[in-house]
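**Q** Dropping a structure here in structure tokens format, bear with me for questions.
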Amino acid sequence: MEWHSGGESAWRIQLSFLPVTANDLPNGLNSAQAERKRPALTSLSTGAVPGLVLVAMITSVAYSARGFSGLTLFSPMILAVVAGMIYSNVLGVPAHAKAGIAFSQKRLLRFAIVLLGFQLTLGQVAGIGFGGVGIVATTLGATFLFTVTLGRLIGVDRKLAQLIAAGTSICGASAIVATNIVTDARDEDVTYAVAAITLFGTVAMLGFPLLAPVFGLDQHAFGLWAGASIHEVAQVIGAGFQNGTLSGETATVAKLTRVAMLAPMVIALGLMARRGDSDASGAKPPMPWFVAAFVAVVAANSLVAIPAQIHSAIALAAQIMLTMGLAAMGLQADISQLRSRGLRPLMVAFSAFIFIAAFSLMLVKFA
């Protein structure tokens, strides 16, 4: 063949008629193609894995810390947030770990919320009766509206107020995480909301059983009150069973009914976000995929009997993934940003705590 005529263009024309292998390409083309492929092939090893390892370490610390006296009252999720905050604000988070932290904070948390559906069946909801469901639903709606309205009146950021409202009215940290997928608040707001909900939920867990005889509540009534008003699932169980077996079972079912209402609440917030966005094309969808999956799992769990061992394994997996997600949030939290929020958000959380306790007690006693 003649390669001298036509210069570079002839070279390219001649090459187009030849079978080409990777070794035949010029070094520049080989390296460019390799560069295009490298992110897809190595992103897991160079990005996600270091962060996942760090998150897993924080999660292990949170589970281990529960063995210490005085910390058994707190769930691993709460301890993970605290451990993550201490690590990030004392030692700092390396840049190469951020991809894995983001993966834990978003994807693992969404999947864990879906798995929470295996803790609930429609039969359990029916177990507390139509009146019990009505009390739970009314308390949830009233508390959410009260909290958001109060936040607006005293000048608390709307997204932060919504996170506090969701954590108080629905199911603590899990609801805060799910709500934030729609509200898209800052990581510091999420951490603040989780800390506030943990504080007042712990007060409720310790104090409510002492108030049962004061308010003349039998085991069923106390269980319904605890399940409709205390923030975290673990806190509800702890308070409920302190007052007896029937009280604990009723409280658990009432609380899981609140968990089931997480789906319609997130849908409603999605619709509000879409309507309030001037650019409708950029608004978030009103039905995030994890909400639809959560509802589907609850329905499937109601129809299909899952072996106890598998059910326990799923519950453990959900808790671990939730803990990892909250550890990731702690790792991204800046304490200086939390201090900058001042006392107003704490006032909102405290007022919401008092409101849900008083409102639900009134319904239990007089409805």
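The values are calculated or read from the model by the stated rules, or taken from the named source; none is laboratory data. All of these numbers come straight from a predicted model, not from anything done at the bench. Neighbour counts are summed over all protein chains in view; Cβ atoms, including those assigned to glycine, are modelled from backbone coordinates with ideal geometry. Each accessible area value is taken on the protein alone, full model and side chains, heavy atoms only, with ligands, DNA and RNA left out. Shrake-Rupley method; radii C 1.70, N 1.55, O 1.52, S 1.80 Å.
**Q** What is the residue count in the stretch 135-168 for residues that are in a helix (DSSP H, G or I), open to solvent by 30 Å² or more (accessible area, probe 1.4 Å) and of a type in the set (Gly, Ala, Ser)?
**A** The qualifying residues number 1.
**Q** Follow-up question, since we're still on this one. Give me the pairs: first residue in the stretch 49-61 and crowded, with 20+ Cβ neighbours inside 10 Å and in a helix (DSSP H, G or I), second residue of a type in the set (Ser, Thr, Tyr) and modelled with pLDDT under 90, beta-carbon distance under 8 Å, and six or more apart or on different chains, which are they?
**A** Gly51/Ser104; Leu52/Ser104; Val55/Ser104; Thr59/Thr323
**Q** Which ones in the stretch 220-237 are surrounded by 23 or more Cβ atoms within 10 Å (Cβ to Cβ) and either free of Cβ contacts under 8 Å to residues at least 40 places away in the same chain or in a helix (DSSP H, G or I) (or both)?
**A** Scanning the stretch 220-237 gives Phe222, Gly223, Leu224, Trp225, Ala226, Gly227, Ala228, Ser229, Ile230, Val233, Gln235, Val236.
**Q** Turning to a different aspect of this structure: Taking the stretch 90-125 on its own, how many of its residues are open to solvent by less than 70 Å² (accessible area, probe 1.4 Å), farther than 24 Å from Thr252 by Cβ and out of contact with any Phe, Trp or Tyr (no Cβ under 7 Å at 6 or more places or on another chain)?
**A** Going through the stretch 90-125 one residue at a time, the tally reaches 11.
**Q** Report yes if Leu115 is part of a helix (DSSP H, G or I) and over 17 Å from Gly325 (Cβ atoms), otherwise no.
**A** no
**Q** Continuing with this model, one more query. Quick check on my filter: what residues within the stretch 319-340 are surrounded by 19 or more Cβ atoms within 10 Å (Cβ to Cβ) and of a type in the set (Gly, Ala, Ser)?
**A** Within the stretch 319-340, Gly325, Ala327, Ala328, Gly330, Ala333 qualify.
**Q** Picking from Gly172, Gly127, which residue would you name as being within 24 Å of Leu361 (Cα to Cα), at pLDDT below 85 and in contact with a Gly (Cβ under 9 Å, 6 or more places away or on another chain)?
**A** Gly172
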